[in-house]
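Below is one structure, written out as structure tokens; comments come after it.
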Amino acid sequence: MNKTELIAAIADAADLSKKDAGNALQGFMKAVTDTLAKGDKLSLIGFGTFSVTERAARTCRNPQTGKEMKVAAKKVAKFKVGKQLSDAVN
């Protein structure tokens, strides 16, 4: 499913126009992005939790040349699946 198909599915499920569903999806994505950018986490009970974790700096090897490279530390977004979503998929 791509973004356009998701908007159509939201519009059908919530009895909204596609424009309103698109605005709702944009609002949701902005809220998640802003929350994670502040370093907070967002929990949707039963669905899952969005959070930010820090990945430590590390040394890795280029598979083509065999040379060692340093990879800088960075923050990454993480999603942990909730029980209801997990049960629905299984």
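Read-outs: derived from the displayed coordinates by stated rules, not from any lab. Source: prediction; values computed, not measured. Methodologically, a virtual Cβ is constructed for each residue, glycine included, from the backbone with ideal geometry; neighbour enumeration extends over all protein chains shown.
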Net charge near residue 52, counting Lys/Arg +1 and Asp/Glu -1 over other residues with Cβ under 15 Å of its Cβ?
+4
Determine which lysines satisfy two conditions relative to residue 74: a Cα distance under 18 Å, and not lying fewer than 8 residues away in the same chain.
38, 41
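Given N residues in the chain, what is Rg(Cα) / (2.2 N^0.38 Å)?
Here the answer is 1.51, to two decimals.
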Mind listing the phi-derived Karplus ³J(HN,Hα) values for segment 73-86, rounded to whole Hz, using 6.51, -1.76 and 1.60 with θ = phi - 60°, and x for any glycine or proline?
5, 7, 8, 10, 7, 9, 10, 10, 5, x, 4, 4, 5, 4
Two-decimal Rg/Rh of segment 41-90 from alpha-carbon positions, Kirkwood Rh?
1.26
Relative to the present Cα-Cα distance, how much length would full extension add between residue 23 and residue 43 at 0.36 nm per residue of separation?
5.1 nm
Please give the contour-minus-distance gain from residue 86 to residue 33: 0.36 nm per residue of separation, less the Cα-Cα distance, rounded to one decimal in nm.
16.8 nm
Taking the alpha-carbon distance from residue 19 and a cut-off under 17 Å, which aspartates and glutamates remain once sequence neighbours fewer than 8 residues away in the same chain are dropped?
5
